Every structure is written in C-alpha cells, then in structure tokens.
Amino acid sequence: MPGRPQPRARRCDAGDRPGLKERDPLTSVRAVLFDAGATLLYPDPPAEVVYARELEADGARFSPARLRDALAGAWREVHERVAGDRYGGEQGEPEFWHGFLDRVRGSLDGGVVSAQAFERLARHFRDSGAWGVFPDVVPTLDRMEEAGLRLAVVSNWDSNLPALLSGLELASRFHAVLVSAIERTGKPEREIFHRACARLEVEPAQALHVGDSRREDYQGAREAGLQALLLDRAGTFDAEDDRIRSLTEVAVRLGL
C-alpha cells in the first residue's frame with residue numbers, strides 16, 4: 001500500500017526544457033536503475049481517493065485536507081524513524097502497514113483501522129489493476145534497450161512489487177529487480193545500490209540511478225558512487241542541472 005501522494009501522469013518531452021540538448025551527456029553509463037513509485041508507477045485512482053473511500057466505510061469522518069495531512073504526517077514519521085528497509089524488519093510487512101494505517105486513523109479521529117478495512121486496502125493495492133504506468137516509461141525503456149544498456153528497478157517497497165511489475169508487463173524489461181523488503185536493505189543505504197550494480201555486472205560509476213526522492217534516490221545513489229538524476233514530475237524541487245521533468249530526458253542526457 002502506498003503511503004505518500006504520487007504525482008499524476010504527465011506527458012513531458014525533452015523539448016519542454018530549453019537548452020537541455022546543449023548539456024553534456026552523462027558519461028560511461030552501461031546500466032540504468034529506476035525507482036518504482038512516482039517514477040515508473042502511480043496509483044490509479046489516486047491513493048488519497050482509495051484511502052478516503054475505505055476509511056469512510058470504516059466509520060471515520062474527516063475532510064479531504066485532514067486526510068492529506070494525516071497521510072503526509074504518517075509517511076513523514078516513517079521516513080524520520082526508519083531508513084532503508086522499512087517494510088520488513090522484525091515486525092514484518094502486515095504489522096508495518098497496520099501501524100501506518102492506525103497512525104493515519106488516529107490522526108483523523110483517534111480510532112484504529114478495522115481488520116476488514118485493512119484487508120480491503122491491502123487487496124486493492126496488491127492488484128496491478130490499481131496502478132498505472134507513466135506514459136514516458138515504455139518509450140524510455142525501449143531506447144535504453146536499443147542502446148544495449150542493462151536495466152534494473154531499485155525500490156523501497158514491500159514484497160509485492162515484483163508481482164505488480166509482472167502484472168503491468170514491465171518485469172521482463174529489467175535484468176534485475178531489487179526491493180527493500182526482499183533485500184532487507186533499502187535506499188538511501190549504499191548496499192542496495194551496490195547489489196544492483198553487482199547483478200548488472202557493472203561498476204557503480206558505470207551506473208545511473210533515476211528516482212523522485214532527493215534523499216533516497218539522488219543523494220543515496222551519488223553517495224554509493226553512482227551517477228544520478230532527480231526526477232521532478234511535479235516541479236517541486238529547486239531547479240538544478242541534475243533535475244529532470246520526464247524520463248524522456250534520460251535518453252537525451254545519455255546522448256542517445
């Protein structure tokens with residue numbers, strides 16, 4: 001189950017950013033690693049809509065703004081308390097999601113989420129039909145494959161991600177899929193990046209990682225010795241050379 005709001009699908013071509021093609025391409029890249037949520041996938045319908053529907057059915061009463069604040073606060077608490085693999089650990093995935101949802105419900109009305117509501121939410125987000133693929137994903141992967149680059153997914157997600165990627169017909173596009181709950185380590189820790197490079201048989205300096213989190217994706221990858229691009233679909237980060245607005249820009253930056 002996703003906990004943070006995801007940007008909506010948006011078409012954005014490299015030409016949307018003046019001067020992009022004049023930039024020097026990234027060098028020595030033999031492999032490209034991608035984050036999953038908000039990079040390849042987005043919840044459809046949006047996560048807030050699903051949470052609102054199920055929490056209302058569970059008896060909670062709240063405004064849309066209050067629910068947004070509760071979700072953002074619960075996810076922020078997770079980020080502050082746990083780095084890397086937050087979904088597995090000693091408690092396990094169901095306990096993590098129960099705790100997350102109870103924090104959200106507690107922020108709304110002091111209650112807890114019923115077993116029935118939990119199961120409905122878990123079933124929904126495990127279904128690949130509840131997820132969309134951003135329109136720039138497949139064309140970008142096609143260009144990467146044509147160029148002979150090795151591809152991987154590196155994501156802080158629960159163990160259902162490989163099944164989701166299969167259901168969305170993306171799994172076969174990648175040479176490796178590393179999920180924090182399965183690897184028992186996650187971004188921004190160096191280990192998961194180094195494992196991905198080892199499985200792709202490249203050195204960290206020969207790999208480029210692309211994701212939407214400044215801390216987990218951009219900074220984590222760079223600290224692990226990889227090259228990195230920060231994906232900013234919604235335009236929320238300060239402008240910088242390593243920020244891109246669409247995956248279509250990755251091929252341009254690689255000089256493909």
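Considering only residues of the range 170-200 that are polar (S, T, N, Q) and surrounded by fewer than 21 Cβ atoms within 10 Å (Cβ to Cβ), which is nearest to TRP157 (Cα to Cα)? Top of the filtered list is THR185. Taken together, the residues in the range 233-256 that are crowded, with 22+ Cβ neighbours inside 10 Å and under 14 Å from the mean Cα position of the chain (by Cα) amount to 1. For VAL113, indicate whether it is under 23 Å from VAL78 (Cβ atoms) and either without any contact (Cβ under 8 Å) to a residue 24 or more places away in the chain or not assigned by TED's automatic domain parsing to the domain that holds PHE193 (or both). It is true that VAL113 is under 23 Å from VAL78 (Cβ atoms) and either without any contact (Cβ under 8 Å) to a residue 24 or more places away in the chain or not assigned by TED's automatic domain parsing to the domain that holds PHE193 (or both). Of all the criteria given as (1) under 27 Å from TRP75 (Cα atoms); (2) in contact with a Lys or Arg (Cβ under 8 Å, 6 or more places away or on another chain); (3) acidic (Asp, Glu), the one not satisfied by ASP238 is (2).
Among residues that are assigned to a helix (DSSP H, G or I), at pLDDT 95 or above and out of contact with any Gly (no Cβ under 6 Å at 6 or more places or on another chain), VAL177 is not included.
Taken as a whole, the condition of being outside the structural domain of ASP241 (by TED's automatic domain parsing), in contact with a Leu (Cβ under 6 Å, 6 or more places away or on another chain) and either free of Cβ contacts under 8 Å to residues at least 24 places away in the same chain or on the phi < 0 side of the Ramachandran plot (or both) does not apply to VAL179. Across the range 201-232, the number of residues qualifying as among the hydroxyl-bearing types (Ser, Thr, Tyr) and surrounded by fewer than 21 Cβ atoms within 10 Å (Cβ to Cβ) comes to 1. I'm trying to understand the selection: among the residues of the range 134-166, which are more than 25 Å from LEU254 (Cα to Cα) and charged (D, E, K, R)? Matches in the range 134-166: ASP158 only. Residues that are closer than 15 Å to ASN156 by Cα and either at pLDDT 85 or above or loosely packed, with under 14 Cβ neighbours inside 10 Å (or both) within the range 65-91 comprise TRP75, ARG76, GLU80, ARG81, listed in sequence order. Evaluating PHE96 against the criteria (1) touching a Gly at 6+ places or on another chain (Cβ under 6 Å); (2) surrounded by 15 or more Cβ atoms within 10 Å (Cβ to Cβ) leaves one unmet condition, (1).
Within the range 221-256, how many residues are among the charged types (D, E, K, R), in contact (Cβ under 8 Å) with a residue 60 or more places away in the chain and assigned to a helix (DSSP H, G or I)? Quick ask: steps written out before the conclusion?
Just the residues of the range 221-256 that are among the charged types (D, E, K, R), to begin with: 222-223, 232-233, 238, 240-243, 245, 249, 253.
Imposing the further condition that a residue be in contact (Cβ under 8 Å) with a residue 60 or more places away in the chain reduces the set to 233, 241, 245, 249, 253.
Those still in the list that are assigned to a helix (DSSP H, G or I) too: 249, 253.
Residues in the range 221-256 being among the charged types (D, E, K, R), in contact (Cβ under 8 Å) with a residue 60 or more places away in the chain and assigned to a helix (DSSP H, G or I): 2 in total.
The values are calculated or read from the model by the stated rules, or taken from the named source; none is laboratory data. What you see is a predicted model, and the numbers here were worked out from it, not measured in a lab. Cβ: placed from backbone, ideal geometry, glycine included. Neighbour counts: every protein chain shown.
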